[in-house]
1. Between Rg and the Kirkwood Rh of the chain, both from Cα atoms, what is the Rg to Rh ratio?
2. Can you tell me the length gained on complete extension of the stretch L50 to D165, counting 0.36 nm per residue apart and subtracting the Cα distance?
3. Cut-off 10 angstrom, C-alpha nodes, Gaussian network model of the chain. Which of N151, N60, N69 fluctuates the most?
4. Taking 0.36 nm per residue of separation and subtracting the Cα-Cα distance, what length does fully extending D12 through S61 add?
5. Springs between alpha-carbon atoms under 10 Å, Gaussian network over the chain: tell me which of L50, L24, L148 tops the mean-square fluctuations.
6. Give me, ordered by chain and number, the residues 5 or more places off T175 or on other chains with an amide H under 5 Å from its own placed amide H.
7. Please find, in a Gaussian network model of the chain (springs between Cα atoms separated by less than 10 Å), the residue of A152, A166, A96 whose mean-square fluctuation is greatest.
8. Counting only heavy atoms of the protein chains, get the accessible area per residue of the stretch 85-131 (1.4 Å probe) and round it to a whole Å² value.
Amino acid sequence: MSSTDPSAQGGDDIQALIALMARLPGLGPRSARRIVLQLVRKRSQQMVQLAQLLDRVAQNSRECVTCGNITDRDDCAICTDPARATGEICVVQDVADLWALERGRAFRGRYHVLGGTLSALDDVGPEDLGIPALLARIEDERISEVILALNATVDGQTTAHYIADALEGAPVAVTGLAQGVPIGGELDYLDDGTITAALRARRKF
């Protein structure tokens, strides 16, 4: 029997699980095999609990109707916290960036997740992102400062400039992250100290 026969490596279901895990960010086939083997060996303690949690998350997780954060309710804890109504709103590309900023605990306002960036090549325009909702929030929530915490990539900066231009003349300060964020860098890959320094040293956009 060939060593690549699925029956010699746990069977079809286990091989399918490994293939699925290998598609997750940061994992490859080798890491996926190690994880699956660990889960199978400790299936009574880890795999059953993991399966139950995955099912609950699949059933209950959703996007916050206000900011786009991932939550288990209609509005996330940040949007419903009155202490976070500071008049500052931090605009990020995706939820991973929001969570990265929250790890640093430097920002105590509210967020807005765009869900991507403008891209002519991929035919992604303002209406495909959360930009119209952002502009509406700025007026409805009496926002005094918009912090554009978008990735320092070409598409990220194009999106930031689009939003800044859309807010030109509005009674709101538009700022961007400053020192510490390298060109081409993504927030989710930066350490907490770098994110905190960049947020505190933000500049007028």
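1. That ratio equals 1.08.
2. 36.8 nm
3. Looking only at N151, N60, N69, the largest GNM fluctuation is found for N60.
4. 14.7 nm
5. Highest fluctuation among the options: L24.
6. V146, I147, L148, F205
7. A166
8. 45
The values are calculated or read from the model by the stated rules, or taken from the named source; none is laboratory data. Remember, predicted model here, so these are calculated numbers, not experimental data. Note that each Cβ is placed from the backbone with ideal geometry, even for glycine, and that neighbours are counted across all protein chains shown. Accessible surface is based on the protein model in full, side chains and every heavy atom, while ligands, DNA and RNA are left aside. Shrake-Rupley method; radii C 1.70, N 1.55, O 1.52, S 1.80 Å.
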